Each structure stands twice: as structure tokens, then as C-alpha cells.
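The values are calculated or read from the model by the stated rules, or taken from the named source; none is laboratory data. All of these numbers come straight from a predicted model, not from anything done at the bench. No Cβ is skipped: glycine too gets one built from the backbone with ideal geometry, and neighbour counts run over all protein chains shown. These accessible areas exclude ligands, DNA and RNA; they are computed on the full protein's heavy atoms, side chains included. Shrake-Rupley method; radii C 1.70, N 1.55, O 1.52, S 1.80 Å.
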Amino acid sequence: MKKRIKFKLFIWLSPALLFFIGIFAFIAVLSIFLQSGGSSDHHGNAPVAGEQLETAQKLYDYLTTKEHATKEGACGALAVFQRESSFDVTAKNPSGGVAGIAQWSGWNGNTVNGSRITQGGFINASDDSTLTLDHEESLIDYELSNGYKKVKDLASKATDSVQSAKDWSKYYEGVDTSDSQTALDKITNWAILWNAYFTGGGDGGSGSVDMLNPLLGTKVGTGQCYALSNWYCEQISHFTLYGMCAKNIGSDNLVAFTAHGWKVVFNPTSASDLKSGAIVCWGSPPETNSPYGHTGVIDKVNGNTYTTYEQMGDGAQKVVKENRTFDTSITCLCYPPSS
């Protein structure tokens, strides 16, 4: 009789036991997901690793959720914070009287550059133990809600991580792009890499050269050759080309191309390097004498001859197809990632 009671009790408890085991398993999985930064998709390679990356991830999540920054707006901020402190929340520069992730002024009574670090009462200017990420995020929130509202507004509308980095540098850190302290090349590259890491650009995107065919006879962007290659790049991998010269597209955007899975070949010496779908750039334009060079997108290749989609190739501000023959005037070929 006792055995039957125990057996019935086990049968009665089994469904409840399985239910609670399931609940605990779900909580455990959810906890691991959240601790790994589950709110953000990761692609490409981040420009930092280890504790620096962990701090950058937390800052990104904070900026996009609490401060409502766009992904690009948050990536611009990360580029600037990387320049300021390399994501070390305890970083200090005694001579400048600055400390923290954003190198706020007023540390340890040194107000030579101002006194921002004690605003809101979150950080004690002479107490290292108050230099924590939580306190510094609270200070960021205080400033973005008070004297730095313009930065928050710009970050909430940002669509370009590089421009956002310039905005954070100028309006939050007080360092204009004309100042050598801006380290413009560095924050530009970091903004691009962070954007690729968090937005999915590192996967390269998708698309093919066929998307250019409907554009034949139409004007794209400014009507210049650069605008067509830029449009194509944006459609494939969702990033904007930077620079002034078409002939330098590969070198000016090498970091962005690499971050988004593209491959760049400089000064190709053989027609075998020609590939359908590649952005082609010439130093000595086939039909013009422009000092800026020329660019287009390769459609089809046949031996050492190839057809391209170009704009301004014949002087007209519209997309046309041209027939070309390989020569050494090509400065670079930029291959999009495989779908």
C-alpha cells in the first residue's frame, strides 16, 4: 500500500516538476543571452577586444536604449570615446585635469579645462572609486538632458556614423574637425568599423550589378561618376564612400571596404583581375582629362575587354554603358562580397 502511494505521488508531481525545470532552464538561457549583449547583432570585426569591447558594448546598448540614439549615432559616440579613453572608465590625465570615459574636466580640483565631471553629483572629483561605468553613464545622461541637448538630438537622427563622430567630437568634447586633436582619420575609421560591427555591414550585404540596369538613361545623385559607384556601394553594403577623387576610392575607403567584406586590388596588371560587379577606378580617365580620375561598375568581361555602367563617361550626367579595354590606367578594382 505504501509503495502504491509513493508511485501515485511521483506521477502527480512529475508534470509540476517538469514545468518548474522548464521555467528555470528558460531563465538561465535568457540570462546568458542578455549577458552576452543580446540586444545587438554583431558582424565584422570590432576595433577593440576584451574588457574594452565589453565596455563599448554596454555603452552602445545604453546609448541606443536610454538616450534613443540611432545605431549610427551610438557608433559615432563610440569612436570618440575610444579616442578619449580607449574605453577605460578610470582613465585620468592629471595635467589636463580630466578623467573618465569621455575625459571630463575638473578632476582632482584641476579646472584648467573646466569643471564638468561633478555635474549631477554622480562622481566625486577626488575619489577614484566613483569612476564607474554606471556613474559615467549617469553623467552622460545628465549632460544630454541639460547643456548638451543638441548632441542627443543629432545622435537620435544620425544616419551616418562618421558624421556622428564629428558631431560628438565638436559638440560634446569641444574638439572641432579643424583641430589636430580631433584625430579625424582615427575616429572616421573607428566609426566605420563600429558601424559595421553593430549594424550588420560586416556581412557585406547583398545585391548584384544587375540592379544598375534600370538606371540607364537616368541621373543618379549629383550626376558625377562618383555618385553612381557610391549608390552601388550603398545598395550592396549600406555604407557611404568618402573622398574627393574617383581614382582614390579604393585607398580612401579601404577600412570601410574591408570591414564590409569587400576586397580591393590596387594597380591591377592583368585583365584576369577584371570581374563582373567590381567597382573600377581609373587614374587617367578613358575619355576625359579630369584630375580626379573616373569610376564605374563592371558589367560583363570578355578577355581583355569589358562593359561598364558609368556616369559622366561621355560628359553626360546620366547612366550609360561603355565598352572598355583593359589597360594600366586602372588604379583599383573593388570587389563586393559574395552573396
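Restricted to region 222-246, and to residues that are of a type in the set (S, T, Y) and open to solvent by 30 Å² or more (accessible area, probe 1.4 Å), which residue is nearest to Y309 (Cα to Cα)?
Per the stated criteria, the residue is Y226.
Yes/no matrix, rows are residues, columns are (1) more than 25 Å from A259 (Cα to Cα); (2) at pLDDT below 95:
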residue: A25; (1), (2): yes, yes
residue: A56; (1), (2): no, no
residue: E67; (1), (2): yes, no
residue: E72; (1), (2): no, yes
residue: V80; (1), (2): no, no
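Kindly provide the set of residues from region 234-292 that are modelled with pLDDT of 85 or more and at positive phi, ordered by number. Answer for region 234-292, where residues must be modelled with pLDDT of 85 or more and at positive phi: G243, G261, N267, G277. In region 55-78, the residues that are under 22 Å from L184 (Cα atoms) and open to solvent by 30 Å² or more (accessible area, probe 1.4 Å) form Cβ pairs under 6 Å with partners that are part of a helix (DSSP H, G or I) and among the hydrophobic types (A, V, I, L, M, F, W, C), at six or more places apart or across chains, as follows: K71/F198. Among all positions in region 301-308, there is at least one residue which is under 19 Å from P268 (Cβ atoms), open to solvent by 10 Å² or more (accessible area, probe 1.4 Å) and not in a strand (DSSP E or B).
Which residue out of A102, A191, A196, A183 is farther than 20 Å from H238 by Cα, at pLDDT below 95, open to solvent by less than 60 Å² (accessible area, probe 1.4 Å) and not charged (D, E, K, R)? Outline the logic, then answer.
On the way: A102 fails: at pLDDT below 95; A191 fails: farther than 20 Å from H238 by Cα; A196 fails: farther than 20 Å from H238 by Cα.
After ruling out the rest, the residue left standing is A183.
Rundown of residues vs (1) in contact (Cβ under 8 Å) with a residue 40 or more places away in the chain; (2) closer than 16 Å to I101 by Cβ; (3) touching a strand residue (DSSP E or B) at 6+ places or on another chain (Cβ under 7 Å), yes/no style:
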position: D127; (1), (2), (3): no, no, no
position: L131; (1), (2), (3): yes, yes, yes
position: H135; (1), (2), (3): no, yes, no
position: I140; (1), (2), (3): yes, yes, no
position: E143; (1), (2), (3): no, yes, no
position: K149; (1), (2), (3): no, no, no
position: K157; (1), (2), (3): yes, no, no
position: A165; (1), (2), (3): yes, yes, no
position: D185; (1), (2), (3): no, no, no
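The number of residues in region 199-219 being modelled with pLDDT of 85 or more and within 21 Å of A69 (Cβ to Cβ) comes to 0.
Filtered by the rule that a residue be in a helix (DSSP H, G or I) and open to solvent by 70 Å² or more (accessible area, probe 1.4 Å), region 105-133 gives N108, D128, S129.
When you look at K150, is it in contact with a helix residue (DSSP H, G or I) (Cβ under 8 Å, 6 or more places away or on another chain), modelled with pLDDT of 95 or more, closer than 30 Å to G243 by Cβ and among the charged types (D, E, K, R), yes or no? Taking the combined requirement at face value, the residue satisfies it.
Between V297, V319, the distinction of being under 15 Å from M211 (Cα atoms), open to solvent by less than 60 Å² (accessible area, probe 1.4 Å) and under 29 Å from the mean Cα position of the chain (by Cα) belongs to V297 only. Looking only at region 293-321, residues that are in contact with a strand residue (DSSP E or B) (Cβ under 6 Å, 6 or more places away or on another chain) and either on the phi > 0 side of the Ramachandran plot or at pLDDT below 90 (or both) come to 2 in all. Among residues that are outside any loop (DSSP other than H, G, I, E, B), closer than 25 Å to I192 by Cα and of a type in the set (D, E, K, R), D88 is not included.
Restricting D153, D210 to those that are in a helix (DSSP H, G or I), open to solvent by 30 Å² or more (accessible area, probe 1.4 Å), within 30 Å of E310 (Cβ to Cβ) and of a type in the set (D, E, K, R) reduces the list to D210.
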